[in-house]
1. Which of the residues spanning region 122-138 are out of contact with any helix residue (DSSP H, G or I) (no Cβ under 7 Å at 6 or more places or on another chain) and assigned to a helix (DSSP H, G or I)?
2. Is region 104-114 home to any residue that is basic (K, R) and either more than 20 Å from S182 (Cα to Cα) or within 13 Å of the ligand (Cβ to nearest atom) (or both)?
3. Of the residues that make up region 308-328, is at least one small (G, A, S) and either within 21 Å of V125 (Cα to Cα) or touching a Ser or Thr at 6+ places or on another chain (Cβ under 6 Å) (or both)?
4. Looking at (1) closer than 26 Å to Q33 by Cβ; (2) touching a residue at least 12 places away in the same chain (Cβ under 8 Å), find the lone condition where E392 falls short.
5. Only one of F292, F309, F282, F277 is surrounded by fewer than 21 Cβ atoms within 10 Å (Cβ to Cβ) and either in contact with a Cys (Cβ under 9 Å, 6 or more places away or on another chain) or not β-branched (V, I, T) (or both); which?
6. Taking into account only those residues within region 462-475 that are more than 9 Å from the ligand (Cβ to nearest atom) and free of Cβ contacts under 8 Å to residues at least 12 places away in the same chain, which is surrounded by the most Cβ atoms within 10 Å (Cβ to Cβ)?
7. At pLDDT 95 or above, more than 22 Å from R243 (Cα to Cα) and of a type outside the set (G, A, S), is that true of E392?
8. Taking region 217-258, which residues are more than 13 Å from the ligand (Cβ to nearest atom) and acidic (D, E)?
Amino acid sequence: MDYWTAIESQPASTLKSLFDGETGRVERLSFEQSGVYFDFSKTHMSKMLLENFSKLADDKGMVDQIMALTNGAPINLSEGRAAEHTAERGFGSETSVENARLLKMRMQALVQAVDAGALGDIEYVIHLGIGGSALGPELLLAALKIGDEKYETAVISNIDGCALEPVLERFDAHKTLLVIASKSFTTAETFLNARSVTDWMAEQGVSDPFGKIIALTAMPEKAVEWGIDESRVLPFSETVGGRYSLWSSIGFSVALTLGIEVFDDLLAGAADMDRHFIDMPFDQNIPVIAAFCDQYYNQVRGCETRAVFAYDERLRLLPDYLQQLEMESNGKSVTADGTPLKRHSSPIVWGGVGTDAQHAVFQLLHQGTHLVPVEFLAVVEPGHSLAKEHHEGLLLNCFAQGAALMAGKKSDDTNRNYQGDRPSITILLENLDGRTLGALIAFYEHRTFTNAVLLGINPFDQFGVELGKEMANALLAGEGNKMDPSTEILKNRAFPA
Ligand code: F6P
């Protein structure tokens with residue numbers, strides 16, 4: 001039986017008919033885990049669709065795949081290794097879980113040493129990294145910082161000096177710790193920035209800039225070769241993918257800035273979600289249901305994008321983080337066995353913050369010709385102490401948008417007609433803290449994995465980023481004359497002979 005055909009041949013129900021036809025729909029399609037409430041009721045997920053998607057998941061060996069992921073089996077076939085981010089949270093092979101625990105203790109010891117002044121009087125931290133070595137730490141810092149931290153930490157990723165220079169102007173070189181985060185310890189942007197920071201330290205009279213560096217990497221020998229003392233190298237396992245690495249020593253700057261307890265809470269929240277993902281049947285499994293919705297909209301309703309709006313400034317970096325997680329994982333044209341993918345790969349993930357986005361892009365969401373499944377995130381407890389009208393206004397705007405997208409409003413004036421029947425998922429956190437954020441991020445990881453299994457994709461490699469890097473290197477090496485005429489002219493305009 002082709003389960004995709006069964007899914008595709010389901011008559012399309014409207015959201016209104018789904019709500020009218022089922023009392024208790026919200027209860028059936030909403031779930032709470034570790035202080036995070038997920039409401040899928042405003043999606044088109046009918047009982048029949050859920051049943052057919054569950055059969056498809058069975059057919060794809062979903063349960064075995066989840067076990068393989070969380071037991072440390074070598075599921076990253078193209079690179080011949082496991083994908084062991086869950087081992088950082090206690091779910092993996094015994095050896096990997098123990099290894100992650102030992103490395104975490106080492107990280108904790110270094111946090112304590114810096115706190116105790118072993119590297120001098122530190123007030124500032126520059127965390128250099130890019131992609132997975134920056135997006136996760138930066139998201140966590142923005143989300144969980146409360147303002148009274150001992151260190152001011154800046155995460156810098158871009159090769160553009162406009163990112164680094166203002167930080168160097170603001171920070172005192174003598175009180176700065178440099179953290180270099182790079183799984184491969186070769187990424188060009190990170191090392192150009194690292195050289196600029198060590199040069200700046202030397203120019204400012206820091207006697208031993210290299211003594212103020214901490215390296216976070218899966219290639220510890222390269223860090224030592226680069227000149228960093230082994231005692232300040234925090235390794236993590238090569239089987240932890242870059243975009244899945246915030247749980248590993250890549251989280252050092254987070255643990256240092258926010259405290260090791262916050263980092264532990266984060267891991268505990270993620271472990272809660274791991275347990276849920278492993279244990280729950282498909283019709284109650286939060287990441288699995290989210291992936292069913294993703295596949296429905298992407299494959300059946302032709303939605304090429306999904307929009308994520310955080311109604312909380314503290315979560316403003318979540319869309320950026322999700323772009324890498326989902327698009328680098330599932331933006332592929334072949335399945336895990338190398339044959340062409342016959343379906344759409346990852347949708348384009350985009351988004352912003354509410355309420356700002358309402359006054360910018362929501363026009364298209366309400367009346368445009370593209371159907372865009374929307375995801376709303378909000379937090380019950382405010383992150384500020386201003387008048388309660390701020391938070392009430394924020395949350396009620398969030399809920400009103402989901403309601404308006406679904407209900408629409410008929411008008412004979414076509415300019416003022418709202419079609420409605422536009423789907424959304426709402427995710428409501430009780431509080432924004434380590435535990436809820438850990439559970440939330442692990443939810444997104446497992447949703448991405450479930451989507452990959454449904455499509456047969458390997459979500460753990462990223463060969464697509466290599467060609468651009470190669471060509472940039474060729475240009476930097478002066479091999480521009482091998483480029484196409486358009487690129488040649490651009491280069492000559494920017495760098496006239
Ligand atoms: O170029 C893509 C990528 O390899 C990402 O997958 C990764 O997160 C990022 O670059 C940074 O890589 P690294 O941590 O090895 O510096």
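The values are calculated or read from the model by the stated rules, or taken from the named source; none is laboratory data. Bear in mind that the values here come from a model prediction, so they are computed numbers and not experimental data. Backbone-built Cβ (ideal geometry, glycine too); neighbour counts: all protein chains shown.
1. Keep residues of region 122-138 that are out of contact with any helix residue (DSSP H, G or I) (no Cβ under 7 Å at 6 or more places or on another chain), which gives 134, 138.
The answer is E138, and nothing else.
2. No, that holds for no residue.
3. Going through region 308-328, the residues small (G, A, S) turn out to be 310.
Next cut, either within 21 Å of V125 (Cα to Cα) or touching a Ser or Thr at 6+ places or on another chain (Cβ under 6 Å) (or both) only: none.
Checking region 308-328: not a single residue is small (G, A, S) and either within 21 Å of V125 (Cα to Cα) or touching a Ser or Thr at 6+ places or on another chain (Cβ under 6 Å) (or both).
4. The number of the failed condition is (2).
5. On the way: F292 fails: surrounded by fewer than 21 Cβ atoms within 10 Å (Cβ to Cβ); F309 fails: surrounded by fewer than 21 Cβ atoms within 10 Å (Cβ to Cβ); F277 fails: surrounded by fewer than 21 Cβ atoms within 10 Å (Cβ to Cβ).
Only one candidate qualifies: F282.
6. A474
7. When the stated conditions are applied, E392 passes them.
8. E221, E225, D229, E230
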